[in-house]
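Note sheet for the following structure.
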Amino acid sequence: MISRKNHFFVSKKTLFTQEEQETNKGRCLVATAFLLAAFVILLSRIGYLQIIKGEDLAAKSEKNRLRTVRLIPPRGDIVDRKGRLMAGTRPCFDICLLREEAKDIEGLIRELVVLLDVTESDLRARLVQGMRQPSYMPVILKRDVDWETLSRVEARLHTLPGIAVDVVPGRYYPEGAVAPHLVGYLGEVTGEDLEAGRYANAYAGDLVGKNGAELRWNEDLAGRAGRRWVEVDAKGRYMKFLREESPLRGNDLHLTIDIDLQKAAEDALAGKVGAVVALDPRSGAVRALVSTPGFDPAVLSNGITTEEWKALNDPLFKPLYNRALQGGFAPGSTFKIVMAAAGLEEKLVDEHSSTYCSSSFRFGNRSYRCWNHNGHGTVDLHKALVESCDVYFYQLGLRLGVDRIARYAHAFGLGSPTGIDLPGEKGGLIASTAWKKEHLKEKWYEGETLSIAIGQGYTVVTPIQMARLIAAVGNGGILYRPHVLGKLVEPGGRPIQSSSPEVQGTVGVSKKNLSLVASALQGVVEDPRGTGKACRLPNATVAGKTGTAQVVKQAIRRQDEKMAWQFRDHAWFVAYAPVDDPQLAVAVLVEHGGHGGSAAAPVALKVFERWFQIQSPAPVPSVERSASCMGGGGHA
């Protein structure tokens, strides 16, 4: 009988054969070797991470624990010459995406399209733009949201991981859309801007100046961004404030503009397309600069829809286009100021020289008409300017020749930028024989000189050039550089830059000859037959010149009243006042407005009226003007 103990041993022995035991032993060795190898690899990796890469990884861990928040500084204020606010700063609420915390971008897009009332394409475009900046920086999805939108988002923030509300300084305009082309507007810096380095210290999503003063003095107005270091948890939530580098507010920009005069000029031009430029003839300081139609800079600064942007780029009316600096137009009869000065200075005419106007001038096989179909009769220089006789200047133009005309036109500052301290100014064109040969590869024909003599043909000027021209006539022949900068002031109140009158040259005409021209320009407004009598003031003497610039050929101008708006003549009026001590020089252009005497002169009248009201507490009575007075001057 076998005992239980021996039976157990035998049974146990029969579980594995000798061969199986050897196999199991080998497997154990392999497993042990694998574990040892894994342990060695793990230990080596730990040693590598702790010893070799320890410092670098510790820095990365610290970076993940800490978040740097960029603090946008308040932009400097833009004020007029009396310190009245034109563009200020207020808090705005932006809806942002923190990419490091967002888990489901597609889900967020679907919800935000409804919450923010934006299109999916606009939202995706902003995300693509934001990819160009560091991942820790927020991507702005919608700027300056209203309270209703803010409330909707705030109520759902707990279900929108990665979405945050950021409070940043934004622009506001207490006077509304006043002087938008001069002040300018803000817009998001683009990827192209950043790649080209157009804006120093700007990051994707920043608002920067896009035109006008906002662009010209962007770096001064922008200030310096600050930094805030905070500790966050694993979900990116703020846990602790560590330290902060405060942002530095931008400098304040004081302009030479007078808000009251600017508003008066804008009101006078309301409903019309055109420009008004008002200068101080004693310094070149710009007191008003208007281009219509205008735009609302607040809308542009906060982001606009595709439809709104399309409307602002309307090819016919071009609201964003600054006609005062960029609009190129034939000067019409205002160019006769240059012609008269040139004729006197070259001793081709004097105050007694005269000719006869029968309503047309025959040259070659063509008849060149005067605007007055009844003719002006015997005309001397004074009468030729007062009544704007074309025949007189046709003949003077032939005697001067195009090259001498060009020389005096350039001397009066036409055909090149004035150098005003605003971006985007155009130069215009003054033609000559050399210019035509170089650019058109053709010789000059004398018949073309006749058109040049009355401000037509190839001649192109801008309203700012014409304002400087008439200012030079009023101040005795000095060309000042127009400027809108009054001064730049640091946040503490210390001025760091200020402007002063800058003389660019003189018109090259003797004081005697210039006074003869000025006397005739006074007659344009004060004489009963003057073409500019619609600008007559009761308490100040005005000197000026009307002009009507043709847009289409004379042969089809008889249907002017039935013409489409864009084919009608442009209306000009340039003037200064008071004659004995000029304080203000004004150039008015009414695009496709018709006759200078009836369309542009009344605009200038309102500007002068408001200016003298500003200078004197006593109100200046409005001028009673009859229908015949308003329409005086015909095509001049």
Would you pick out the residues in region 159-198 that are surrounded by 15 or more Cβ atoms within 10 Å (Cβ to Cβ), over 19 Å from TRP147 (Cα atoms) and charged (D, E, K, R)? GLU175, GLU188, ASP193
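Can you tell me how many residues in region 317-373 are on the phi > 0 side of the Ramachandran plot and buried (at least 24 other Cβ atoms within 10 Å of the Cβ)?
1
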Members of region 282-295 found to be crowded, with 24+ Cβ neighbours inside 10 Å and not basic (Lys, Arg), listed by number: GLY284, VAL286, ALA288, LEU289, VAL290, SER291
In region 515-533, anything small (Gly, Ala, Ser) and either touching a residue at least 40 places away in the same chain (Cβ under 8 Å) or within 30 Å of ALA222 (Cβ to Cβ) (or both) is listed as ALA518, SER519, ALA520, GLY523, GLY530, GLY532
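Here's a check for you: in region 480-514, which residue that is part of a loop (DSSP other than H, G, I, E, B) and under 23 Å from the mean Cα position of the chain (by Cα) is farthest from ARG216 (Cα to Cα)?
The initial filter retains those residues of region 480-514 that are part of a loop (DSSP other than H, G, I, E, B), namely 481-482, 484, 490-494, 499-502, 507-510.
In the following step, the residues that additionally are under 23 Å from the mean Cα position of the chain (by Cα) were identified as 481-482, 484, 499.
Numbers: ARG481: 16, PRO482: 15, VAL484: 11, SER499: 15 Å.
In this case the residue turns out to be ARG481.
Going by what's in this entry, would GLY205 be described as in contact with a strand residue (DSSP E or B) (Cβ under 9 Å, 6 or more places away or on another chain), over 30 Å from GLY83 (Cα atoms) and among the small types (Gly, Ala, Ser)? Steps first, answer last, please.
Values: in contact with a strand residue (DSSP E or B) (Cβ under 9 Å, 6 or more places away or on another chain): yes; over 30 Å from GLY83 (Cα atoms): yes; among the small types (Gly, Ala, Ser): yes.
In short, yes.
Just checking, does region 272-294 include any residue being over 30 Å from SER499 (Cα atoms) and part of a loop (DSSP other than H, G, I, E, B)? Walk me through it before giving the result.
As a first pass, look at region 272-294 and keep what is over 30 Å from SER499 (Cα atoms): 272-273.
Filter again for part of a loop (DSSP other than H, G, I, E, B), leaving 272-273.
Yes; the residues of region 272-294 include at least one that is over 30 Å from SER499 (Cα atoms) and part of a loop (DSSP other than H, G, I, E, B).
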Check on GLY474, in the same structural domain as GLN583 (by TED's automatic domain parsing) and surrounded by 23 or more Cβ atoms within 10 Å (Cβ to Cβ): yes
Could we say that THR449 is assigned to a helix (DSSP H, G or I), of a type in the set (Ser, Thr, Tyr) and in contact (Cβ under 8 Å) with a residue 40 or more places away in the chain here? yes
Of the residues LYS511, LYS487, LYS436, LYS443, only one is surrounded by fewer than 21 Cβ atoms within 10 Å (Cβ to Cβ) and touching a Pro at 6+ places or on another chain (Cβ under 7 Å); which? LYS487
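Somewhere in region 559-572, is a residue out of contact with any His (no Cβ under 8 Å at 6 or more places or on another chain), at pLDDT 95 or above, in the same structural domain as TYR458 (by TED's automatic domain parsing) and not in a loop (DSSP other than H, G, I, E, B)?
The answer is yes, given that some residue of region 559-572 is out of contact with any His (no Cβ under 8 Å at 6 or more places or on another chain), at pLDDT 95 or above, in the same structural domain as TYR458 (by TED's automatic domain parsing) and not in a loop (DSSP other than H, G, I, E, B).
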I'd like the residue in region 388-430 that is within 19 Å of ALA324 (Cα to Cα) and among the polar types (S, T, N, Q) and, out of all such residues, is surrounded by the fewest Cβ atoms within 10 Å (Cβ to Cβ). SER416
Test set (1) within 18 Å of VAL165 (Cα to Cα); (2) without any contact (Cβ under 8 Å) to a residue 12 or more places away in the chain - SER121 fails condition number: (1)
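Is region 384-391 home to any residue that is in a loop (DSSP other than H, G, I, E, B), assigned by TED's automatic domain parsing to the domain that holds VAL286, of a type in the set (S, T, N, Q) and under 38 Å from the mean Cα position of the chain (by Cα)? Explain how you work it out, then say what you get.
Narrowing region 384-391 to residues in a loop (DSSP other than H, G, I, E, B): 387-389.
After this cut, where a residue has to be assigned by TED's automatic domain parsing to the domain that holds VAL286 as well, the list is 387-389.
Now drop any that are not of a type in the set (S, T, N, Q), which leaves 388.
Right, trim to under 38 Å from the mean Cα position of the chain (by Cα) and you get 388.
Checked region 384-391: at least one residue is in a loop (DSSP other than H, G, I, E, B), assigned by TED's automatic domain parsing to the domain that holds VAL286, of a type in the set (S, T, N, Q) and under 38 Å from the mean Cα position of the chain (by Cα).
The values are calculated or read from the model by the stated rules, or taken from the named source; none is laboratory data. Everything quoted here is computed from the prediction, not taken from an experiment. When we count neighbours, we look across all protein chains shown, and the Cβ atoms used for this are built from the backbone with ideal geometry, even at glycine.
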